[in-house]
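> Have a look at this one before I ask anything.
Bear in mind that the values in this text are calculations on the coordinates, not laboratory data. Quantities reported herein were computed from a predicted structural model and do not represent experimental measurements. Cβ placement follows ideal geometry from the backbone for every residue including glycine, while neighbour counts extend to all protein chains displayed.
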Amino acid sequence: MKRTPFMAGGLVAVGALAAAAMAGRATAAAPAVNHAIAVLQPGADGKVKGTIHFHKASGGVHVQGTVSGLAPGGHGFHVHEFGDCSAADFTSAGGHFNPKQQPHGAPDAAQRHEGDMGNITAGADGTAKVDYTDSQLGFDGDGSILGRGVIVHEKADDLKTQPTGNAGGRLACGAIGVAKPE
Ligand code: CU
Ligand code: ZN
C-alpha cells in the first residue's frame, strides 16, 4: 500500500520530463535534411560497390557518386522501396520506389516511378560515374527517399518494360541515410 504514492509521484516526474523534452524539441527543430548518402555493398559476386550522394538542389535532387566492379556498359540504377539489403539477392529491397503509382519509365519521362534513375554506364575499367539532377526525387513527405534503398542491376534498364525495365539481377545495394548537411 505504501508503494502507491511513490509510483504515482514517479509517473508525475516521468510526465514532467517528457513534457520538457517535447518543449525542447518544439523550440529547437532539427535542420531540414539537404544531404543523404547510400553506401552500396556488393552482393554474391562480391565486386560491385560504391557511394552515392543525394543533395537537395534547385529543380530536384542532385545525384552524384561512383560505382566500381561492374561489367562495361549500362546498368539499371533505381531507388527501391525498402532500405533493406539483408537478403543475399537484395530482393529484400522490394520493387522500384513508386509512391505515386506510376508506370516504370525513363528518368526524364513525364510518368515514371519516383525511383527510376535510369542507367549508369561503366567504362572499360568497370567504373561508372553518376552526376545528374533528378526532378522527381525528394526528401519530404510520402515521396521521401530517406530510408529507401539504392540498387545497381546486372543489365541495362530498357526504360520501358513493366515494372522493372528488365534490368536483371541486383548487384549492389545500399540504404539511403541522412548525411551531415553541406
Ligand atoms: Cu532496381
Ligand atoms: Zn521503375
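> Given the criteria away from ligand 2 (no atom under 14 Å from the Cβ) and in contact (Cβ under 8 Å) with a residue 12 or more places away in the chain, does Ala124 qualify?
Yes, satisfied.
> Can you tell me which residue within the stretch 145-158, out of those that are touching a strand residue (DSSP E or B) at 6+ places or on another chain (Cβ under 6 Å) and of a type in the set (Gly, Ala, Ser), is nearest to His75 (Cα to Cα)?
Ala156
> List the number of the failed condition for Ala87; all other conditions in (1) in contact (Cβ under 8 Å) with a residue 24 or more places away in the chain; (2) within 15 Å of ligand 1 (Cβ to nearest atom) hold.
(1)
> Quick one: is Lys160 within 16 Å of ligand 2 (Cβ to nearest atom) and either part of a loop (DSSP other than H, G, I, E, B) or closer than 22 Å to Gly60 by Cβ (or both)?
yes
> Filter the stretch 98-121 down to the residues that are away from ligand 2 (no atom under 13 Å from the Cβ) and either over 17 Å from Leu70 (Cα atoms) or of a type in the set (S, T, N, Q) (or both) and list them by number.
Those that are away from ligand 2 (no atom under 13 Å from the Cβ) and either over 17 Å from Leu70 (Cα atoms) or of a type in the set (S, T, N, Q) (or both): Asp108, Ala110, Thr121.
> I'm checking my understanding of the structure. Among residues of the stretch 137-154 that are more than 16 Å from ligand 2 (Cβ to nearest atom) and either closer than 15 Å to Gly94 by Cβ or among the polar types (S, T, N, Q) (or both), which one is surrounded by the fewest Cβ atoms within 10 Å (Cβ to Cβ)?
The qualifying residue surrounded by the fewest Cβ atoms within 10 Å (Cβ to Cβ) is Gly147.
> Could you pull out the residue among Val79, Val33 that is in contact (Cβ under 8 Å) with a residue 60 or more places away in the chain, of a type in the set (Val, Ile, Thr) and outside any strand (DSSP E or B)? Walk me through how you get there before you give the answer.
Numbers: Val79 fails: outside any strand (DSSP E or B).
One residue alone meets the criteria, Val33.
> Okay, moving on. Going by what's in this entry, would Val79 be described as within 16 Å of ligand 1 (Cβ to nearest atom) and not small (Gly, Ala, Ser)? Steps first, answer last, please.
Details: within 16 Å of ligand 1 (Cβ to nearest atom): yes; not small (Gly, Ala, Ser): yes.
Yes: the conditions hold for Val79.
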